[in-house]
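For reference, the structure discussed in these notes is given below.
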């Protein structure tokens, strides 16, 4: 497995040969490069870096190597331990730190881990900044500081309660309205850090909470990506227990999927749609999501008199576009809600609190709320990359074949047909080509996806 070095950080599987996997030597190498970059960016000042991790089995090991390397590079450390991705981002902001490193491979299986790199705003590094880090990683001329100049651990703290308080203090979060509904909620946190924070947040909101897979030991009970095929257990518990809804998060709690009271999926694409509907119903403004996200956000935004804009896939791209157009809500169709009133980062805690406020105000069930939104159906597929697959050739050929259609090539190739669309792109986080489609029925979306999978295989002679 080749190390994946992208806009989403440095990630790979634990163990194996140096340079081909995420080994201790690679962790030291890229942590050093990051520290060098941040020192360069901040004029050589003494740095303070926040470190947080999800509950992956390798998390403690990677944390210890990163903390020691930061100290050896002369940086001071605030270690927030077991913490969500949005919580670590908020810790950077709250402590006025110079940057942060989040130890998580997000939705990837347990053998993966990664270093997600933050700037002083608690936001991911830009593409140009990330490339500079990679360049420094290949430069071995760095002189480490002497013994009198090594860093120290300033603080070790549990930041999760602070993050919860920050979410609950948002003006658009009405905790009293939620408490009056007395929601019964089932939580599936795939045995990672969400098992700590999401039940705590829900109980603060007066919910009755039933926990499944909430032991943060890193032994994921199912595939950690919150897709319908991985959520059969929570659907069964919701029906059996007569719960009002289900809340599902990925290992680092930046993605939020919701389940209806009858065990059907609300749809992770519709997490952002529902939250945006709530925000836009109270404040006029614009929205942003990535190219792989549902048209439903565009429709809801237009209904409220706002303007929708699409960005390239990747949180940093969405954030950049949100700032450009002054979006008041945005995110990604994988259940990632970005609410700038708190911070520019996907945050499942914000998503939960805003969504439950919206549901409380509406006074309806989950399935009734879902029925108020435009009905689109997605098909999300992938093709494993091999040395024989030339992704750039595939994308060039597709763009040429469909030149007469509405084609967007800012990130792979997205072809917008009048009634449906397809988005083809190389993943930033896995060695795969993603094939996403959306249409007015599931059969149509699936058929469109299979058609393009067939065309890709034809181009590649597979």
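The values are calculated or read from the model by the stated rules, or taken from the named source; none is laboratory data. For clarity, every value in this text was computed on a predicted model and none was experimentally measured. Methodologically, a virtual Cβ is constructed for each residue, glycine included, from the backbone with ideal geometry; neighbour enumeration extends over all protein chains shown.
Below, the figures for the structure above:
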| read-out | value |
| --- | --- |
| Exclusive hit being closer than 22 Å to residue 309 by Cα and either modelled with pLDDT under 95 or more than 27 Å from the chain's Cα centre (by Cα) (or both), set 425, 451, 401, 396 | 425 |
| From the options 196, 209, residue that is over 20 Å from residue 78 (Cβ atoms), in contact with a strand residue (DSSP E or B) (Cβ under 7 Å, 6 or more places away or on another chain) and not in a loop (DSSP other than H, G, I, E, B) | 209 |
| Contacts under 7 angstrom Cβ, first residue in the range 146-166 being farther than 25 Å from residue 84 by Cβ, partner assigned to a loop (DSSP other than H, G, I, E, B), 6 or more apart | 149/74; 150/74 |
| Residue in the range 281-291 that is under 27 Å from residue 130 (Cα atoms) and surrounded by fewer than 20 Cβ atoms within 10 Å (Cβ to Cβ) present | no |
| Answer from 355, 377, 417 - the residue that is under 25 Å from residue 338 (Cβ atoms) and modelled with pLDDT of 95 or more | 355 |
| Spans of helices (runs of 4 or more DSSP H) in the range 11-106 with at least 3 residues surrounded by fewer than 24 Cβ atoms within 10 Å (Cβ to Cβ), touching a helix residue (DSSP H, G or I) at 6+ places or on another chain (Cβ under 9 Å) and in contact (Cβ under 8 Å) with a residue 60 or more places away in the chain | 24-41 |
| Failed item, numbered, when residue 172 is tested on (1) under 21 Å from residue 368 (Cα atoms); (2) modelled with pLDDT of 95 or more; (3) surrounded by fewer than 22 Cβ atoms within 10 Å (Cβ to Cβ); (4) within 23 Å of the chain's Cα centre (by Cα) | (1) |
| Only listed residue being at negative phi and either assigned by TED's automatic domain parsing to the domain that holds residue 418 or surrounded by 24 or more Cβ atoms within 10 Å (Cβ to Cβ) (or both), chosen from 270, 278 | 270 |
| Among the residues listed as 284, 302, the single one being under 23 Å from residue 332 (Cα atoms), out of contact with any helix residue (DSSP H, G or I) (no Cβ under 8 Å at 6 or more places or on another chain), modelled with pLDDT of 95 or more and in a loop (DSSP other than H, G, I, E, B) | 284 |
| Hits in the range 431-449 (condition: in contact (Cβ under 8 Å) with a residue 12 or more places away in the chain and either in a helix (DSSP H, G or I) or surrounded by fewer than 18 Cβ atoms within 10 Å (Cβ to Cβ) (or both)) | 431, 432, 440, 441, 442, 444, 445, 446, 448, 449 |
| Residue count, the range 414-426 (criterion: part of a loop (DSSP other than H, G, I, E, B) and crowded, with 17+ Cβ neighbours inside 10 Å) | 1 |
| Filter result for residue 163 (buried (at least 20 other Cβ atoms within 10 Å of the Cβ), at pLDDT below 95 and farther than 20 Å from residue 20 by Cα) | no |
| Residue list for the range 175-193, filter: outside any loop (DSSP other than H, G, I, E, B) and buried (at least 19 other Cβ atoms within 10 Å of the Cβ) | 178, 185, 186, 187, 188 |
| Residue satisfying condition, being surrounded by 24 or more Cβ atoms within 10 Å (Cβ to Cβ), in contact (Cβ under 8 Å) with a residue 60 or more places away in the chain, out of contact with any strand residue (DSSP E or B) (no Cβ under 6 Å at 6 or more places or on another chain) and part of a helix (DSSP H, G or I), within set 359, 354, 369 | 354 |
| Test for residue 254: is it buried (at least 24 other Cβ atoms within 10 Å of the Cβ), on the phi < 0 side of the Ramachandran plot and not in a helix (DSSP H, G or I) | yes |
| Looking only at the range 333-352, and only at residues there that are over 18 Å from residue 193 (Cβ atoms) and modelled with pLDDT of 95 or more, the one that is farthest from the chain's Cα centre (by Cα) | 341 |
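Yes/no per residue for (1) closer than 20 Å to residue 363 by Cα; (2) in the same structural domain as residue 365 (by TED's automatic domain parsing); (3) surrounded by fewer than 20 Cβ atoms within 10 Å (Cβ to Cβ):
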{"site": "199", "(1), (2), (3)": "no, yes, yes"}
{"site": "202", "(1), (2), (3)": "yes, yes, no"}
{"site": "211", "(1), (2), (3)": "no, yes, yes"}
{"site": "243", "(1), (2), (3)": "yes, yes, no"}
{"site": "249", "(1), (2), (3)": "no, yes, no"}
